[in-house]
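Worksheet: the structure to be examined is printed underneath.
The values are calculated or read from the model by the stated rules, or taken from the named source; none is laboratory data. Fair warning: this is a prediction, and the values are worked out from it, not measured in the lab. Because the Cβ atoms are built from the backbone with ideal geometry, glycine has one as well, and the counts that use them run over all protein chains shown. What goes into the accessible areas is simple: the full protein's heavy atoms, side chains included, and nothing from ligands, DNA or RNA. Shrake-Rupley method; radii C 1.70, N 1.55, O 1.52, S 1.80 Å.
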Amino acid sequence: MKVLHVCLSLTATISGIVSPEALESDYQKLYKKIASFLYAHPAYKLTFSFEGQIFSWLAKKHPEFIRLLKELLSRKQIEVLGGGYYNPVLPLLLPIDRNGQIEMYTSELSAALGKRPRGMTVYGSIWDNSVVPNLYASGMEYVLLDTSIIPPAKRCALPLLLTEHGKSIKVLPVYRDFLPENEENAGSYFASVRKSLEKTLKKIGCALEEERVICLNLNTAQFSALLDSGTLEDFYETALEESNSVSFTLPQEYLHKHSALVPAYIAPGIQSDIAQWGINPYTPSENKSTFPVTIYDFLSTYNRNHALYDRTLYISTLVANCHGDKSRKKLAREKLWQAQTGKAFVCNPEGIFATNAIRQNAYRALTETEKIVRECLSGKREFKESVTSYDYNADGHDEYVCQMKSFDACISLKGALITELDIMHNTGNYADNLKRIEKFDKVDDNYERGLFVEHLFTRDEFADYKKGLPTGNGIFSQVQFSQVGFDKKRHEIKLLGTGEFDGMAQPVSLRKHYIINSNGFTVQYILKNESPLALKAELVVESNFAQTDFTSTDCNSYNAEIISREEKHELSAQTKPETLTDVSFVQITDASNDISFVYELNENADVTCMPLYFRRPQTDNAILQIAGTTFVSSLCWNVDLSAGMEMEKTINFTIITPKKRKGKRK
């Protein structure tokens, strides 16, 4: 092998939600130090890849750093890569959003540095060849991709050439297997890399005479360790001394000097360290199939991530079909892009996958986007409340999408529950609940947690339920309901679920009638004993309110005000289940957002409230941490029905936002 060219790059990202404090800390500890280090050593070359929000913050708060970057650029000592501004998962976006995010960041870099980027990175190397025309149209010449998604026969340490619909893009391979260790001897390291590459090249039948190129991508922690220990300087100096065998270069510099390209096709995939989590939930697993793990496999493994994708796609469509005020539409699209950050769909590399805080932040941005879209509409296109039926989440069954004045909701036929509840008062999705998994939480939930989930329990099962234990045979929480009536104009949905109760397999049915209004729902239940025997049971209507306050991992921001026997009571249910009997009125308040949910009952019920905590492992070790909490509020009625008899219950559910509450006080 002739000269081995090494493109060393630093990727600057924030693992969680971007905060000024974290950015300032990283600047003082690392970015400032790196810029000074490079400025003092003109022969050292480095490629930067900043998350868009990080670069914008640096440009605003530390213009001296940007001036130094411009000086290093003029010396052709560094290169700054582009990409999607909010580090999105490009294959999940509509083409207009792909191009828009890339151009937004390109404009930011061009304005600050006076030079347009020609290369870019892709979040998690999440790839689909359909993005090639978008990269080409955005002026990108090349992209850095992890070798784990490159076919083995094409891992020849040369740039690849991908084409799609007549457009092409170059790919520079990123070798994570070759990342240097702290305090590693530079000479031994380069010799080891060359030997490993030569072995691979012989295996796939490549000649060894050509010059080769590899990219080494370091995160801030890895780079800082190499810099502080002096290892990085040793690597640069060794390369300068052995320039006939190894050379540090920049991606664009290498591509302009060398013309060797390998035509290839890269199938949809994700880099291996993330893909291993996409097979079994929260468990690293080897992919033993011949097919790579894709982002769609990942979403199928993590239902809450998929639910966010469904909501994002829905809002993307609303923005695309908006034909009102152009400036507002532009603002709506930029707000939409905030929700498309890859961290909300895939993982937090230093913590749990798609943490609730990041996901809820994305839901909040989507709600704000829809509010702007509604403001764009006027005249005949003025916003009108609607309830529509179509396959919202691509599961093969229709869902009911409710677009109302104060909220959006989605009702599923599986369990006839509300799987999504987004309040227009700029909050997240109150139905964004995890499920308990025995491996991590010591118990398994056998149903999806949402709002208005129904259970039919025996007396013993009900006793376990009130302790927070999973129980029952899934009636009606796991039943696939059928539609028996749907009136779009009156916003009414009539559903029917059937099943067999208890060990005696008594046939039972539940008619569930939703009437959706501007501020909530009226839900009517008719439970019928279809068997020739008497039915004795407990009917439970359960609502799960997702965590919205993330000041601490185990925070529970909900409290319940309850009227029982004409007396007012408060249930905090902060640490354990609490129950009150003979209740006529319930108000659940999310104190962090000052939003309340009111239940008014036609017949008194018992009420049980409890907190649930979900634990998940970190991605880099097996340590469990609290991944989210849910506040459970359950209405319970005693069932004693003779053969063929039925009972009816009605709940008026109202959403009260701060503005309305103030109006009432007046």
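Do any residues in segment 246-270 that are under 16 Å from Cys7 (Cα atoms) have Cβ atoms under 9 Å from those of residues that are in a helix (DSSP H, G or I) and among the aromatic types (Phe, Trp, Tyr), where the two are at least six apart or on different chains, and which pairs are they? From residues that are under 16 Å from Cys7 (Cα atoms), the pairs are Val246/Phe190; Phe248/Phe235; Phe248/Tyr236.
Residues satisfying the criterion are absent from segment 521-537 (criterion: closer than 18 Å to Asn638 by Cα, crowded, with 20+ Cβ neighbours inside 10 Å and of a type in the set (Asp, Glu)).
Among the conditions (1) assigned to a loop (DSSP other than H, G, I, E, B); (2) in contact with a Gly (Cβ under 7 Å, 6 or more places away or on another chain); (3) open to solvent by 40 Å² or more (accessible area, probe 1.4 Å), the only one that Asp297 does not satisfy is (1).
If you check Pro88, Pro63 for being open to solvent by less than 60 Å² (accessible area, probe 1.4 Å) and touching a residue at least 24 places away in the same chain (Cβ under 8 Å), only one passes: Pro88.
Report whether or not Thr471 is buried (at least 19 other Cβ atoms within 10 Å of the Cβ) and assigned to a loop (DSSP other than H, G, I, E, B). It is false that Thr471 is buried (at least 19 other Cβ atoms within 10 Å of the Cβ) and assigned to a loop (DSSP other than H, G, I, E, B).
Picking from Ile149, Ile96, which residue would you name as being within 20 Å of Leu218 (Cβ to Cβ), of a type in the set (A, V, I, L, M, F, W, C) and open to solvent by 10 Å² or more (accessible area, probe 1.4 Å)?
Ile149
In the set (1) acidic (Asp, Glu); (2) closer than 30 Å to Asn129 by Cβ; (3) open to solvent by 20 Å² or more (accessible area, probe 1.4 Å), Glu79 fails one condition alone, (3). Pairs are defined by a Cβ separation below 9 Å, a sequence spacing of at least 6 or placement on different chains, a first member in segment 393-418 that is in contact (Cβ under 8 Å) with a residue 60 or more places away in the chain and of a type in the set (A, V, I, L, M), and a second member that is in a loop (DSSP other than H, G, I, E, B) and surrounded by fewer than 19 Cβ atoms within 10 Å (Cβ to Cβ); the pairs so defined are Met404/Glu385; Met404/Met424; Met404/Ser518; Met404/Asn519; Leu413/His397; Leu413/Asp398.
Would you be able to tell me the number of residues in segment 591-607 that are acidic (Asp, Glu) and either within 14 Å of Phe653 (Cβ to Cβ) or in contact (Cβ under 8 Å) with a residue 60 or more places away in the chain (or both)? So the answer is 2. So is Ala560 surrounded by 15 or more Cβ atoms within 10 Å (Cβ to Cβ), assigned to a loop (DSSP other than H, G, I, E, B) and among the aliphatic types (A, V, I, L, M) or not? Criteria not met by Ala560.
Mind telling me which of the residues Glu570, Glu542, Glu538 ends up being touching a helix residue (DSSP H, G or I) at 6+ places or on another chain (Cβ under 6 Å), assigned to a strand (DSSP E or B) and not β-branched (Val, Ile, Thr)?
The match here is Glu538.
Lys170 - would you say it is farther than 29 Å from Ala12 by Cα and either free of Cβ contacts under 8 Å to residues at least 60 places away in the same chain or within 31 Å of the chain's Cα centre (by Cα) (or both)? When the stated conditions are applied, Lys170 does not pass them.
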